[in-house]
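Data first, discussion second: the structure below is written as structure tokens.
The values are calculated or read from the model by the stated rules, or taken from the named source; none is laboratory data. Since the structure is predicted, the reported quantities are computational estimates derived from the model, not experimental observations. In this analysis, Cβ positions are derived from the backbone assuming ideal geometry, glycine residues included, and neighbour counts consider all displayed protein chains. Side chains are part of the model used for accessible areas, which takes the heavy atoms of the whole protein and leaves out ligands, DNA and RNA. Shrake-Rupley method; radii C 1.70, N 1.55, O 1.52, S 1.80 Å.
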Amino acid sequence: MISLTIAKKYAKALLEVGLKDGNYETLGQDLNKVADLLRESKELRVALWSPAFPKPTRKAIGRKIGERLGLATATIKFIELLIQKKRIDLFFEITKVYRDLGDEVAGRTRTTLVIPLELPSDLVQEIKNQMESLTGKEVILCLEKDPSLIGGFLTKIGNVVYDGSLKAQMAKLQEHLYEE
């Protein structure tokens, strides 16, 4: 819980820099690039996280990675700051919080649509349009397949779950039968 609070503080600080400079979207993309690279490379995580390497060495590694990825100067300095303050281990949490804060600023919401089968793209677009009119925000839709739903779908908008699946309806029916 403490790590999430700290991650929020760092993400908000970077977002303020991005809003001031007018490049908060770019900074978010930079964080995602680094996060992807860190997920792929255990050796890189160890090199940046481990106190066995001196801070100047870890900062130099972070700077080189930033330059090779073409990151904004603010992102490179942010990575160096995280290393300096011994917070680089919170990088994934900071990236997620930054994404959520950036979505809020941009008027976006991330929504997950869980379906049992593939849907035609025009139907997916229609569902996305309905979600946008319901939320009043741009929807970034993520599709997941779960054959156990049998039919219908499940939607997650933020922390709210709308379960219109056949599986859920059958569970309610079973519960109702047990009550009688």
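One table, with the values for the structure above:
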quantity: Condition met for Leu82 (modelled with pLDDT under 90, open to solvent by less than 20 Å² (accessible area, probe 1.4 Å) and in contact with a helix residue (DSSP H, G or I) (Cβ under 9 Å, 6 or more places away or on another chain)); calculated: no
quantity: Test: Val105 is within 19 Å of the chain's Cα centre (by Cα) and over 28 Å from Leu27 (Cβ atoms); calculated: no
quantity: Near pairs, Cβ below 7 angstrom, 6+ apart or cross-chain, from segment 66-86 (among the acidic types (Asp, Glu)) to any residue that is open to solvent by less than 60 Å² (accessible area, probe 1.4 Å); calculated: Glu80/Lys59; Glu80/Gly62
quantity: Meets criteria (in a helix (DSSP H, G or I) and open to solvent by 50 Å² or more (accessible area, probe 1.4 Å)) for Val105; calculated: yes
quantity: Strands (runs of 3 or more DSSP E) wholly inside segment 133-180 containing at least 2 residues that are exposed (fewer than 14 other Cβ atoms within 10 Å of the Cβ) and within 28 Å of the chain's Cα centre (by Cα); calculated: 138-145, 160-163
quantity: Among the residues listed as Arg58, Arg68, Arg63, the single one being of a type outside the set (A, V, I, L, M, F, W, C), part of a helix (DSSP H, G or I) and surrounded by fewer than 14 Cβ atoms within 10 Å (Cβ to Cβ); calculated: Arg68
quantity: Pairs with Cβ under 6 Å, 6+ apart, first in segment 122-148 and modelled with pLDDT of 90 or more, second open to solvent by 60 Å² or more (accessible area, probe 1.4 Å); calculated: Ile140/Arg110
